[in-house]
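Read through the structure below, which is laid out as structure tokens, and then see the notes.
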Amino acid sequence: MLKLKCPACGVEAEETEFAAGGEAHLKRFGPGSDDRDFTDYLFGRKNPRGVHFERWRHAFGCGKWFHAARCTATLEVFGTYSARTTEPPADIVAAIKARRPGWEGFK
Amino acid sequence: MSEAISVLGGARFTGAIEITEAGLQGMISLRGDLADAALRAAVTSATGADMPDVRRITFGDTGQVAWMSPDELLLLVDYARADAVVADLSAALANKHHMAANVSDARAMFRLHGTGAREVLAKGAPVDLSPQAFGIGDLRRTRIGQLAAAFWMTDAETFEVVCFRSVGEFLFDWLCVAAEEGSLPEFL
Ligand SMILES: [Zn+2]
């Protein structure tokens, strides 16, 4: 069971109040892009054992999308943050580094 | 004009607490920039209530204002006034990006009254409903069982709950089972 804090409404709630939305920070490749890039965009997903960035929606609550940084091995949540960004903000990166000193960083 | 009826026509249940379907209740969904002065003034003039803080509901002489999301309010007014209030809101916000819709007939509302009301809701909602964590004027949008719902407290022993009309009967039945005499754990 995960507990996530929705950055839009401030509620800290358990997993069943949210809906998972897959990997965060995808770069979109649309029509006209290289076939390989388009395939990767549609089907290629990271599946790390460790630090992972995900999209979540506060489905039963305020309805807003947000991002979460968490560990897939331990289910530890490092933090949640607004979805209006293309990469994890500095405070989230710092929180991850504090808990996972060997983490290679966001790429 | 057809005769308006609420989802369960004011059904009642008395068990460990009292559950009442609230009957015809005016509800207006208002979306827009909640920081906008014109929107705030229009809301207050429609309800007599101040703008609510995040996850709060405010009570006025002619209505209530519930915070539903960072860009959404639910206004509760008399059923007969709802269309007029929507017209007023639309006029006041005519040149602003917004949506005001009368959703009265698309929602159901219930009142839970009794000392065990917290316990009944706590059976189905993943929310800390202890008096220290949830009090009068607090509001949560969450789930009850598997249904999306919102609830708030109007006094120390009364909750109001809203959900979609299409699942109103199911939620009423669910609440009645949760409120069976002798079934409350009294954890809170
Ligand atoms: Zn939320």
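The values are calculated or read from the model by the stated rules, or taken from the named source; none is laboratory data. Here the structure is a predicted model, which means the values were calculated and not measured. Cβ: placed from backbone, ideal geometry, glycine included. Neighbour counts: every protein chain shown. Ligands, DNA and RNA are excluded from the accessible area calculation, which covers all protein heavy atoms including side chains. Shrake-Rupley method; radii C 1.70, N 1.55, O 1.52, S 1.80 Å.
The C-beta contact set for the stretch A:9-23 (first residue more than 9 Å from the ligand (Cβ to nearest atom), second residue aromatic (Phe, Trp, Tyr), distance under 8 angstrom, 6+ apart or interchain) comprises A:16/A:60; A:19/A:56; A:20/A:56; A:21/A:56; A:21/A:65; A:23/A:53.
Applying a threshold of 7 Å to beta carbon distances and a minimum spacing of six or more residues, or different chains, the list of pairs starting in the stretch A:31-59 at a residue that is in contact (Cβ under 8 Å) with a residue 40 or more places away in the chain and more than 14 Å from chain B (Cβ to nearest Cβ) and ending at one that is in a helix (DSSP H, G or I) and more than 16 Å from the ligand (Cβ to nearest atom) reads A:51/A:96. Here are some conditions: (1) more than 14 Å from the ligand (Cβ to nearest atom); (2) open to solvent by less than 90 Å² (accessible area, probe 1.4 Å); (3) touching a residue at least 12 places away in the same chain (Cβ under 8 Å). Residue A:1 meets all but one. Which one does it not meet? Unmet for residue A:1, out of (1) more than 14 Å from the ligand (Cβ to nearest atom); (2) open to solvent by less than 90 Å² (accessible area, probe 1.4 Å); (3) touching a residue at least 12 places away in the same chain (Cβ under 8 Å): (2). Between B:112, B:139, B:147, which is in contact with a strand residue (DSSP E or B) (Cβ under 9 Å, 6 or more places away or on another chain) and open to solvent by 10 Å² or more (accessible area, probe 1.4 Å)? Being in contact with a strand residue (DSSP E or B) (Cβ under 9 Å, 6 or more places away or on another chain) and open to solvent by 10 Å² or more (accessible area, probe 1.4 Å) holds for just one of B:112, B:139, B:147, which is B:147. Going residue by residue through the stretch B:116-124, is there one that turns out to be assigned to a strand (DSSP E or B), of a type in the set (A, V, I, L, M) and open to solvent by less than 10 Å² (accessible area, probe 1.4 Å)? For the stretch B:116-124, residues assigned to a strand (DSSP E or B), of a type in the set (A, V, I, L, M) and open to solvent by less than 10 Å² (accessible area, probe 1.4 Å): absent.
Conditions tested, residue by residue: (1) more than 14 Å from chain A (Cβ to nearest Cβ); (2) assigned to a strand (DSSP E or B); (3) open to solvent by 20 Å² or more (accessible area, probe 1.4 Å).
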residue	(1), (2), (3)
B:128	no, no, yes
B:143	no, yes, yes
B:168	yes, no, no
B:176	yes, no, no
B:180	yes, no, yes
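With a requirement of 2 or more residues that are within 14 Å of chain A (Cβ to nearest Cβ) and in contact (Cβ under 8 Å) with a residue 12 or more places away in the chain, the strands (runs of 3 or more DSSP E) lying completely within the stretch B:1-107 that satisfy it span B:26-31, B:64-69, B:72-77.
Of everything listed in (1) more than 28 Å from residue B:146 (Cα to Cα); (2) exposed (fewer than 14 other Cβ atoms within 10 Å of the Cβ), the single unmet condition for residue A:22 is (1).
Take the conditions open to solvent by less than 70 Å² (accessible area, probe 1.4 Å), more than 24 Å from residue B:15 (Cα to Cα) and not in a strand (DSSP E or B) and apply them to residue B:133. Does it pass? Let's see the steps before the verdict.
Working: open to solvent by less than 70 Å² (accessible area, probe 1.4 Å): yes; more than 24 Å from residue B:15 (Cα to Cα): yes; not in a strand (DSSP E or B): yes.
When the stated conditions are applied, residue B:133 passes them.
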